[in-house]
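Novice: Below is the structure I would like to discuss, written out as structure tokens.
FYI, it's all coordinate maths here, none of it is from the lab. Computed from a predicted model, the values in this text were never measured in an experiment. Here the Cβ positions follow ideal geometry from the backbone for every residue, glycine too, while neighbour counts run over all protein chains shown.
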Amino acid sequence: MAGEANIPDDATCLGCGYRLINLPTQTCPECGRAFIPGDPATFRDGTTRRPWPLRAESPPAWQIIVLPALVLLYLYGASAPGGFLASFGGTCLAPLVGMATGAWLVLDFAGRILAILADRHRALLDQGRREKAKWWRWIILPLCVAVVVSVQTHHWPLQVRFRLSQPAFDEAIVQLQNGANPRALRKRTGLFSVLYIHQYKDGATFFQTGNSGWDKAGVVHCPNGKARGQNSKRLGGKWFTEVW
Ligand SMILES: [Zn+2]
């Protein structure tokens, strides 16, 4: 056949490694994967480069573990006043590594889709070999991205964590009003640890729960129900976030 003149002697199947020499067809007799003799990307030919069509597959199992784990860490970070950098004690390295890994996984995901599109004509020639539908592997990354976007728009991990802690913070306000020493209230409060308490002259009370870079981050109780700063977010009742 004319096409087979083009295929190198050492060509092997991308799917299973079978030697593709002197074949009557353009599909691997072992696994049924099609190859195109004039297209060296569709078979392995002794070079060590990884042919791009191997990327035309659903995301691997390890990404199904790593991605949700990264998102869980992100959710935990985003549940702290001052943003998700705050809960790492002002250390940006861990979030940066997480963001870089996330960006890389998104690029990997896009690369797989591009490879599938580019490989689709050859894939139509495959015989009897079809990757079992692993459709659910394709929904993990979009789900994770949707969760991260929802956090960016609605700050719900912080809202949830504070709502669960609000009775303890309300109780601390009552104790301060009854003359308790602020130092005595530097302790576990709801789902947060209070590091420092500052009582403003206008009656507001700030509870530091962490740091955001060089700044103190926490929640503030404003008896007049108005936020003190422009970047404050309302948490419920007379409580707001504050970074200073
Ligand atoms: Zn094969």
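Novice: Starting from the amide H of Ala34, placed 1.01 Å from N in the peptide plane, find each other amide H under 5 Å away whose residue is 5 or more places distant or on another chain.
Specialist: Answer set, sorted by chain and number: Cys28, Asp126, Gln127.
Novice: Can you compute the charge dipole magnitude of the stretch 55-154 about its Cα centre, using +1 on each Lys and Arg Cβ and -1 on each Asp and Glu Cβ, nothing else charged? Give it in debye, rounded to the nearest 20.
Specialist: Dipole of the stretch 55-154, to the nearest 20 debye: 360 debye.
Novice: Report the charge-dipole magnitude of the chain in Debye, nearest 20, computed about the Cα centre from +1 at each Lys and Arg Cβ and -1 at each Asp and Glu Cβ.
Specialist: 1020 debye
Novice: Let me ask another. Sort His121, His155, His198, His221 so that the residue with the fewest other Cβ atoms within 10 Å of its own Cβ comes first and the one with the most comes last.
Specialist: His121, His198, His155, His221
Novice: Something else now. Among Trp156, Phe240, Cys13, which residue has its Cα furthest toward the positive end of the charge dipole of the chain, with +1 on Lys/Arg Cβ and -1 on Asp/Glu Cβ?
Specialist: Of the listed residues, the answer is Phe240.
Novice: In addition: Between Gln208, Gln166, Gln175, where does the largest GNM mean-square fluctuation fall for the chain, given springs only between Cα atoms within less than 10 Å?
Specialist: Gln175
Novice: Quick check on the chain: helices-only [θ] at 222 nm, where DSSP H runs of length 4 and up contribute -39,500 (n - 2.57) each and the sum goes over total residues. Nearest 500, please.
Specialist: -13000 deg cm²/dmol
Novice: Let me ask you something else. If you wrap a convex hull around the C-alpha atoms of the stretch 17-155 and split its volume per residue, what is the figure in Å³?
Specialist: 125 Å³
Novice: For the chain, evaluate the Debye formula with one uniform point scatterer on each Cα (no solvent term) and list log10 I(q)/I(0) at q = 0.08, 0.12, 0.16 Å⁻¹, rounded to two decimals.
Specialist: For the chain, the Cα-only Debye profile gives -0.52, -0.76, -1.07.
Novice: For His121 and Trp244 in one chain, what is 0.36 nm times their gap in residues minus the Cα-Cα distance, to one decimal in nm?
Specialist: So the extension gain works out to 38.4 nm.
Novice: Continuing with this model, one more query. Would you please give the residues with an amide H less than 5 Å from that of Thr189, counting only those at least 5 places away or on a separate chain, with H modeled from the backbone geometry?
Specialist: Val194
Novice: Can you tell me which lysines have their Cα less than 16 Å from the Cα of Lys226? Leave out same-chain residues fewer than eight positions away.
Specialist: Filter leaves Lys201, Lys238.
Novice: Once you charge only the Cβ atoms, +1 for Lys and Arg and -1 for Asp and Glu, what is the size of the charge dipole of the stretch 1-54 about its Cα centre, to the nearest 20 debye?
Specialist: Here the stretch 1-54 has a charge dipole of around 220 debye.
Novice: Using Cβ contacts closer than 10 Å as the measure, can you line up Cys222, Cys28, Cys16 from fewest to most?
Specialist: The order, fewest Cβ neighbours first, is Cys16, Cys222, Cys28.
Novice: Using Cβ counts within 10 Å as a stand-in for footprinting exposure, how do Tyr200, Tyr74, Tyr18 rank, fewest first?
Specialist: Lowest to highest Cβ neighbour count: Tyr200, Tyr18, Tyr74.
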